[in-house]
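Encoded as structure tokens, the structure appears first; notes follow it.
Just so it is clear, none of the values below were taken in a lab; they were calculated from the coordinates. If you're wondering where the values come from, they're calculated on a predicted model, not measured in any experiment. Here the Cβ is made from the backbone with ideal geometry for all residues, glycine too, and neighbour counts use every protein chain on show.
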Amino acid sequence: MGKVIPALLTGCVIIVKPSPFTPYTSLKVCEMAQEVLPPGVFQVLGGDDKLGPMFTQHPGIQKISFTGSIATGKKIMAASASTLKRVTLELGGNDASIVLPDIDIQKVAPQLVMGAFQNSGQVSLPPISKLLATID
């Protein structure tokens, strides 16, 4: 959703092609969004690795944004070059962070580690009401 929402807010239409090995979250989110968005604005296309090359070669698709492996990212970049598509690749990362020299590393390191676990859904969070109650 970190890529979908900004694209929708700027007036772009979206086709999401999730990995066939991921949960059905993308399909459900798209289904809910289609209840409020005009037809064709937000779509999900499930399938295997044969779909990727179709996206990179299709003349109606102007930008590819991919999160995944370096090997697949290289294939996407090479295939998109022939149509001069804009490409954004987020490859092989594992919760990358930028830590500036003036930061107290002893204080920040535990926060970065906790953020990595929370980002992957491996931490139970308190109910939203408790989180909201802490905001003043």
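Summary of values
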quantity	calculated
Shape metrics for the range 45-122, restricted to C-alpha atoms - Rg then Dmax, Å	17.3, 50
Estimated inter-spin distance, Val87 and Ser65, nm [label 7 Å along Cα→Cβ]	1.7 nm
Per-residue [θ]222 nm for the chain (sum of -39500 (n - 2.57) over DSSP H runs n ≥ 4, rounded to 500)	-12000 deg cm²/dmol
Lys74 paired with Lys3, simple spin-label distance in nm, labels 7 Å along Cα-to-beta-carbon	2.0 nm
Contact order normalised by residue count of the range 1-123, Cα under 8 Å, 6+ apart, percent	17 percent
Proportion of all alpha-carbon pairs of the chain beyond 22 Å (%)	55 percent
The chain, dipole about Cα centre (Lys/Arg Cβ +1, Asp/Glu Cβ -1), debye to the nearest 20	460 debye
Table column - 3J(HN,Hα) (Hz), the range 38-52, Karplus curve with 6.51, -1.76, 1.60, x for Gly and Pro	x, x, x, 6, 10, 10, 10, 10, x, x, 8, 6, 6, 6, x
Linear extension gain, Ser97 paired with Leu27, 0.36 nm per residue minus alpha-carbon span	22.3 nm
